[in-house]
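Okay, so here's the structure we're looking at.
We did not get these values from a lab; they are worked out from the coordinates using the rules stated. Predicted model only: the values in this text are computed from it and were never measured. Cβ placement follows ideal geometry from the backbone for every residue including glycine, while neighbour counts extend to all protein chains displayed.
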Amino acid sequence: MAFTMQRLNARVAAGRATPARAGRRLAVRVNAVGQKLEYLWYDGQEGTAAKGMMFNEMRSKTKCMMKPIESLNPADFPDWSYDGSSTGQAKGNNSDCIIKPVRVVPDPIRGAPHLMIMCEVLSPNGEPHPTNTRAQLAALINEKVEAEAPLFGFEQEYTMLNKGTGTVLGWPEGGYPAPQGPFYCGVGTNSVFGRPLAEAHMEACLAAGLTISGINAEVMPGQWEYQIGPVGPLALGDEVMISRWLLHRIGEDYGISCTFDPKPVKGDWNGTGAHTNYSTETMRNPGGMDAIMAAIEKLSKTHAEHISQYGTGNEQRLTGKHETCDINTFRFGVADRGSSIRIPLPVQLKGYGYLEDRRPAANVDPYTVARLLIKTTLL
Ligand code: ADP
Ligand code: MN
Ligand code: MN
Ligand code: MN
Ligand code: MN
């Protein structure tokens, strides 16, 4: 039975409760039945690259509901707004930006009945904000695209930094660890740093119902990867954004900040990427290798356009060393981790499947990668 304001007021009126006591009871009760909605959005600044390594690209604020909304349908949740002049998305004299729910998932941090609401950003006139790359992707999805049901698997790499100092987690103070080699997919206290955060993040992604498909320790110590997918284009962007927010948020509890900077440590250390695995219906079926090769041919002609939107600072990562292809070269290969586009060996053996675009940097906007891959290969 609801413990309503009216009933409390009646108790106060009848002299059975003081207003202060009634207020305390109401507060306790509302905490128990109320609902917190964490509204998330992307500020369009590619985090680390625009703001410095220790800061990120996600924003959020909490809306409290007295009466929980029992739904995961974005249309059932109200639009909201925020001060765009404080996120670099508006001028001070006309600063309201609107956030419109696009994906609703259970909140793994607060638990039920609380929810996380991924939003897209609109300008005051209701048009998509210039940073709203989701709307640009949605505008491209026509019947032809839907018929090919494109799927994406996104390998989100990141680097863990110590709170405050910004040094890489696990590295000796003022120095360097042993050269790369023992760390990738490693185990043991001298090989792997930050596993509790990586595990907690994976757990949270699963509890939120995201399509996370795995995690691994990366080549540079303190560097990690998780994968989202395979999912469709809009779900990819939404899930990557929610998973990034969770990574930053859970990092608060561990005193670790995670950066998507494409080259967090200069020199002989791997950069940080977001390999994007991509397939269409035709590629996924017997005989699909022809469609994979046709897509690669098209991608070879739009290399510069893709590179220009594949993450800020990516030129420091795509050097031709450290499992990358030089930024000015387009090359594909089977099982070749020095290529721009890799055909995984199992795909080559079967003759169908998917391709891997190895060019995107870790700080890339996932909606943008999906848009470019669809535009180049399907339209
Ligand atoms: P790598 O060997 O490059 O490290 P990973 O195992 O980290 O590869 O990532 C491969 C990704 O490809 C996973 O996210 C997986 O879900 C995704 N994937 C698998 N099949 C497909 C497909 N048909 N289309 C798109 N992505 C796919
Ligand atoms: Mn305020
Ligand atoms: Mn991987
Ligand atoms: Mn990797
Ligand atoms: Mn990969």
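Fully extending the segment from residue 301 to residue 163, taken as 0.36 nm per residue of separation minus the present Cα-Cα distance, adds 45.4 nm. The charge dipole of the chain, taken about its Cα centre with unit charges on the Cβ of Lys, Arg, Asp and Glu (plus for the first two, minus for the last two), comes to roughly 1520 debye. Who wins for biggest fluctuation among 341, 109, 250 in a Gaussian network model of the chain, springs between alpha carbons below 10 Å? Maximum fluctuation in the GNM of the chain, among the listed residues, is at 109. Looking at the chain, the DSSP beta bridges with both ends there are about 85 percent antiparallel.
Taking segment 36-131, how much of its Cα-Cα pair set, in percent, is spaced more than 17 angstrom apart? Percent of Cα pairs beyond 17 Å in segment 36-131: 52.
Calculated from the alpha-carbon coordinates, segment 231-367 shows an Rg and a Dmax of 16.0, 50 Å respectively.
Residues of segment 228-261 with backbone nitrogen within less than 15 Å of a virtual label 7 Å along the Cα-to-Cβ line of residue 207, please, listed as ranges. Under 15 Å, as judged by backbone N against the label point of residue 207, lie 243, 246-254 of segment 228-261. Restricting segment 230-277 to trypsin sites (Lys or Arg not before Pro) that sit in a DSSP loop and have at most 15 other Cβ atoms within 10 Å of their own Cβ leaves 266. Computed over the chain, the per-residue total of -39500 (n - 2.57) for DSSP H runs of n ≥ 4 gives a 222 nm mean residue ellipticity of -8500 deg cm²/dmol, rounded to 500. In the elastic network of the chain, a GNM with C-alpha springs shorter than 10 Å, the most mobile of 66, 202, 283 is 66.
Relative to the Cα centre, the charge distribution of segment 279-361, modelled as +1 at Lys and Arg Cβ and -1 at Asp and Glu Cβ, gives a dipole magnitude of about 140 debye. P(r) tail for segment 89-233: Cα pairs beyond 22 Å make up 60% of the total. Would you mind telling me which residue in 47, 287, 338 has the biggest mean-square fluctuation in a Gaussian network model of the chain, where springs connect alpha carbons within a distance under 10 angstrom? Residue with maximal mean-square fluctuation among 47, 287, 338: 287.
Shape analysis of segment 147-378 based on the Cα gyration tensor places the equivalent ellipsoid semi-axes at 30, 20, 16 Å, largest first. Placing dummy labels 7 Å off each Cα toward the beta-carbon, the span from residue 61 to residue 125 is 2.4 nm. Using only Cα atoms, locate the centre of segment 139-210 and the centre of segment 38-70, then give the distance between them in Å, rounded to an integer. Cα centroid to Cα centroid, the span is 19 Å. Please find the FRET efficiency linking residue 326 to residue 290, where r is the Cβ-Cβ separation and R0 is fixed at 25 Å, and quote it to the nearest 0.05. Plugging the Cβ-Cβ distance into 1/(1 + (r/R0)^6) gives 0.35.
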